[in-house]
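To start, the structure itself, in structure tokens.
The values are calculated or read from the model by the stated rules, or taken from the named source; none is laboratory data. Since the model is a prediction, treat every value here as computed from it, not as a measurement. Glycine also receives a Cβ, built like all others from the backbone with ideal geometry; neighbour counts cover every protein chain displayed. Surface accessibility is based on the protein's heavy atoms, side chains included, excluding ligands, DNA and RNA. Shrake-Rupley method; radii C 1.70, N 1.55, O 1.52, S 1.80 Å.
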Amino acid sequence: MGNQLDRITHLNYSELPTGDPSGIEKEELRVGVAYFFSDEDEDLDDRGQSERYTVRDSSPSEGEGHLLLNEIEFSAYSCQECIFSKLRGSQDLSVYPVQGLLAFCKPGDLLELLFICPATDHPPPPSSPHWAVYVGQGQIIHLHRGEIRKDDVFEVGGGCMGRVVSNWYRYRPLNAELVLQNACGHLGLRTDEICWTNSESFAAWCRFGNREFKAGGEVHTGNLQYFLKLHLEENNIHTLRFHSLEDLIREKRRVDAGGKLRVLKELSMVEEKQ
């Protein structure tokens, strides 16, 4: 993980207003990311979970059984069109224990599992949130440790919490039958047969079918640009620019794995050096 820390502390983040993302200055650095075929379980970290997820106070009207996390919020754009939104003002970002989460799920939904309080009898949790396609009856299909597999969500997410994230990407979704067909049709594939670099890209491809979620599935052109906004605090937004959705997702997950406190600290280090 040391080299990952070096990478983020040397990025030149450019702060932009919250309006049109096309107003990026020419000198802004485009973040480049090296890729390999794996999923986030291979990027394990010895950091404590509390550093990445701190709990916010819940209002009395929100009831019991779920948490609000003090986490990084994101929005992403393809040119000027919003394609991804994880913002508290427009969505419920509460997380639930797995048992309670399933009450909200229906087949074809996308789930995000967060290993906030991992069970002691389970392997070390992945540093990034884990995405999966919900099949029904407590079953999920997901990219896990270099294999696309079907598992019981309680076995995979021992001690974890999660939420439904089907609407975070703004693409037109396929119907539930096609989502499940996409997921089931790739069961058993392993590393050398897989064309997704992480669990999020695989799950999102199953639901939306866009080839941009596949590694190398997008034709790179000079006109196509993606923008990822990190909503760290009120009036504290940093924007990164990419030439593919694959690049954007990988960087978003890497930043998310670091946690808000770490990112704020590293950004302040960059500003001090400039």
Revision key, fill the gap. G159 passes all but one of the listed conditions (1) of a type outside the set (A, V, I, L, M, F, W, C); (2) open to solvent by 30 Å² or more (accessible area, probe 1.4 Å); (3) modelled with pLDDT under 95; (4) under 26 Å from L228 (Cβ atoms); the exception is number (4)
Check your understanding: If you go through the stretch 110-149 one residue at a time, how many are at pLDDT 95 or above, of a type in the set (G, A, S) and in contact with a Ser or Thr (Cβ under 8 Å, 6 or more places away or on another chain)?
Key -> 1
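Every residue, every condition in (1) closer than 26 Å to G258 by Cβ; (2) at pLDDT 95 or above; (3) small (G, A, S); (4) in a strand (DSSP E or B), yes or no:
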site: G100; (1), (2), (3), (4): no, no, yes, no
site: G108; (1), (2), (3), (4): no, yes, yes, no
site: S201; (1), (2), (3), (4): yes, yes, yes, no
site: W205; (1), (2), (3), (4): yes, yes, no, no
Review point. Assuming T197 fulfils every condition listed in (1) in contact with a Phe, Trp or Tyr (Cβ under 8 Å, 6 or more places away or on another chain); (2) surrounded by fewer than 22 Cβ atoms within 10 Å (Cβ to Cβ); (3) assigned to a loop (DSSP other than H, G, I, E, B) apart from one, which condition is it?
Key: (2)
Practice item. Go through the stretch 139-156 and count every residue that is open to solvent by 50 Å² or more (accessible area, probe 1.4 Å) and outside any strand (DSSP E or B). Key: 3
Review point. Would you call P173 at pLDDT below 95, open to solvent by 10 Å² or more (accessible area, probe 1.4 Å) and either out of contact with any Pro (no Cβ under 6 Å at 6 or more places or on another chain) or in a loop (DSSP other than H, G, I, E, B) (or both)?
Key: no
**Study point:** The one condition in (1) at pLDDT 95 or above; (2) under 14 Å from S244 (Cβ atoms); (3) of a type in the set (S, T, Y) that S166 fails to fulfil
**Key:** (2)
Study note, to complete from the structure: Among E271, E218, E234, the single one that is within 29 Å of L180 (Cβ to Cβ) and at pLDDT below 95 is E218
